[in-house]
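To keep things clear, I will list the structure first and then write my remarks on it.
The values are calculated or read from the model by the stated rules, or taken from the named source; none is laboratory data. Given the structure is predicted, the values throughout are model-derived calculations rather than measurements. Counting neighbours? That spans all protein chains shown, and the Cβs are built from the backbone with ideal geometry, glycine included. Quick note on the areas: whole protein, heavy atoms, side chains included, nothing else; ligands and nucleic acids left out. Shrake-Rupley method; radii C 1.70, N 1.55, O 1.52, S 1.80 Å.
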Amino acid sequence: MVTITLNGQAVEVAEGSTLLEAAVATGVNIPTLCYLKDLNCIGSCRVCLVEVEGQGLVTACNTAAAEGMVVRTDTPQVAAARRANLQAIMDGHRALCATCVRQDTCALRFLSSTFNVQDADEALPVPEPWDADFPLQRDSSKCIKCMRCVAICDKVQHCGVWDFTGVGPSMRVIVRDNLPIADAGCALCGQCITHCPTGALTARDDVSRIMDAILDPAVETVVQVAPAVRAAWGEGVGLSRAEATPGRLAAALHAVGFDKVFDTDFAADLTIMEEGSEFVEFLGSDAPRPMFTSCCPGWVRFVKQHYPQFTAQLSSAKSPHQMMGAVVKNTLAAEADEAGRRLFVVSIMPCVAKKYECDVPELSTVVGATHGNGTSDADLASDAPAAPELAAEATPDVDAVLTVREFDRLLRLVGVDCAALPEAPFDSPLGLSTGAATIFGRTGGVMEAALRSAAYLITGENPDFSVCDTADATPETPWMSRELAIGDATVRIAVASGLENTSKLLDALESGEAAFDFVEIMACPGGCVGGGGQPIRFNSELAQTRAGVLNRLDAADKLRYSHENPDIAKLYADWIGEPLSHTAHEWLHTDQES
Ligand code: HC1
Ligand code: SF4
């Protein structure tokens, strides 16, 4: 330990601590813009200046606390120096706060108003060209060169999309090698967005498309909401965690004007039926190990771009929200058609990559090709109802995806008073789900849900697995692994989240240093609860808190096994037959190598 004097008080801090860490540990606030703990301690914004006796002004984020140091954070001189540095940053920033989607969560705006910084009186920077259709959007004129995106993308997500060029005032953040963003190896995890202090990085805004669909009488809007959304949506509309219940979420979706409100959790249960059955078949085969989960499009994009040798080992199951879209389009299209309406499926997701996933041509459904026209296949239950004729037509499973941030904005736009809403159920029959589905939203949840049902399929009994949680992954233990006895089989599983951790696991698999049967990967640290489309609170990592919400919902659920969801059983009886049937393959699986 070392002892320093901080604002007149003697303070003991761990050896090696920076002055910023010493201040945080003692409850003294020092403003920061570029600092990211352990990842980006470069002192480039110079907003964390403090005064050290004998040294003058130094940056707190990268100055080590030394025995006997006398430090002041609270003098007018320190404040004036911070203000001058903030003004210099603002002079190079195109501040369009009135229309910026980050206006409520922008660290620069907050500090600028606190420090009485003025709008730039110099020529504003001009935004560099950008692909307006790409799900990740960048406005270079709002970039303050803090390098947080470079650090998170390189050190946590292993993608290396961002780089910089030039030095001093001419330094610019760029896409590596000046590549078009679509060719730069971006997984679309969105972590650069949630760690950007300003509105320089955002997700493509699709709110207007959804408003147009809601207002069009010829369109029947069907919305679904991802597992991890229920743990975070209230953050952006001022609800406490106790107020932001799944029932109030369903009510809010109705209040926005969606015609049908379904739950992606239902489709997560369906995914377990398909992927769990696929895994049981896989276990009995000599296919190369391991089988990988496929529900995270950030991970799927990453493996295809960075480790294509593993692509063939992805589960063929579509992700739950795509399965939901396929089920909706196949089972409800005829009814909508009779009413002269066209179905439009919207997913509310904690995710930016889902905006890409819903546009993948292979993830579409040929409505009318199977049961929509009454031609049931052999494995369909014999008493299944024949649906009216429909012309066979390819349609995306999901028409549009909104992030949670966009959804919260939609609620504010429509003026929904969420706190006053009485709770409402999700619509039937695609709204009932189990606790196993709810934990999909956090790392380890898909694995646990799949094993709950795979074990039942193998032994005929419900197992009692402990939680597979990698929230505490460290550089030394980047993934969690277990060996589980299921019936006569020993199943070796591993779970990783974050793409740097994932690369370490893939490298170990490739070198033979590790061997597993089933591996769950989620691109975002902590899983979808930490997703790139979730609400932003500057310098707060909320994944673990949100995971706690999902774990509590699972523990409180009367149904905790996907195979016990009665509406899933009915969907199979009425439409699909059984897991891995011909219809299941047509609706719910995809060729990952195409
Ligand atoms: Fe996810 Fe999934 S859990 S991918 O993290 O498999 O986005 O929540 O919706 O589809 O169910 C995200 C979350 C989500 C899918 C499910
Ligand atoms: Fe999207 Fe979840 Fe994957 Fe992140 S972990 S990219 S939020 S699906």
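Summary of values
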| quantity | calculated |
| --- | --- |
| Relative contact order (%) - the range 467-594, alpha-carbon pairs under 8 angstrom, separation at least six | 15 |
| Among VAL47, LEU270, THR590 the positive-end extreme of the charge dipole of the chain (Cβ point charges) | VAL47 |
| Per residue value of the accessible surface for the chain (all protein chains in place, 1.4 Å probe), Å² | 40 |
| At 1.306 mPa s and 10 °C, Stokes diffusion of the chain via Kirkwood alpha-carbon radius, µm² per second | 62 |
| THR5 accessible area, assembled protein chains, probe 1.4 Å, Å² | 50 |
| Cα-based convex hull volume of the range 241-286 per residue, rounded to whole Å³ | 100 |
| Values of log10 I(q)/I(0), in the order q = 0.12, 0.22 Å⁻¹, for the range 237-327 under a Debye, Cα-only, solvent-free model | -0.55, -1.07 |
| FRET efficiency estimate (nearest 0.05) - Cβ-Cβ, GLU393 to ALA123, R0 56 angstrom | 0.60 |
| Label-reachable residues, the range 34-69, where backbone N falls under 12 Å from a point 7 Å from THR5's Cα toward its Cβ | 53-54, 68-69 |
| Derived scalar couplings ³J(HN,Hα) [the range 99-105; Karplus, 6.51 cos²θ - 1.76 cosθ + 1.60; whole Hz; x for Gly, Pro] | 10, 7, 5, 9, 4, 8, 10 |
| Exposed trypsin sites (Lys or Arg not before Pro) absent: longest stretch of the chain, with sites in DSSP loops and at most 16 other Cβ within 10 Å deemed exposed | 242-536 |
| Crossing angle, helix 543-556 versus the chain [Cα axis fit, 0-90 degrees, rounded to tens] | 30 |
| Spatial separation of Cα centroids for the range 527-594 and the range 226-278, in angstrom | 10 |
| For HIS254, solvent-accessible area (1.4 Å; no DNA, RNA or ligand), Å² | 70 |
| DSSP loop GluC sites (Glu not before Pro) with at most 14 other Cβ within 10 Å: longest gap in the chain | 123-242 |
| The chain: angle of helix 246-256 to the longest principal axis, Cα-based, in degrees nearest 10 | 90 |
| Cα centroid separation, the range 297-314 to the range 497-519 (Å) | 12 |
| Shape category assigned to the range 397-521 from the gyration tensor of Cα positions, a/c cut at 1.5 | oblate |
| Value of Rg/Rh across the range 457-594 [Cα atoms, Kirkwood radius] | 1.00 |
| Protein accessible area in the chain, 1.4 Å probe - carbon and sulfur % | 52 |
| Calculated diffusion of the range 22-179, Stokes-Einstein form, Kirkwood radius summed over Cα pairs, 4 °C and 1.567 mPa s, µm²/s | 75 |
| Extension reserve of the ASP417-ARG482 stretch, reckoned as 0.36 nm per residue once the Cα distance is removed | 18.8 nm |
| Spacing of the two label points (7 Å from each Cα toward its C-beta) at GLU281 and ALA14, in nm | 5.0 |
| Angle between the chain longest axis and helix 404-414 axis [Cα atoms, degrees, rounded to 10] | 90 |
| Efficiency of FRET between ASP464 and TYR307 - r from beta-carbon atoms, R0 35 angstrom, step 0.05 | 0.55 |
| Förster radius 60 Å - calculated FRET efficiency between GLU53 and GLU578, Cβ distance, rounded to 0.05 | 0.20 |
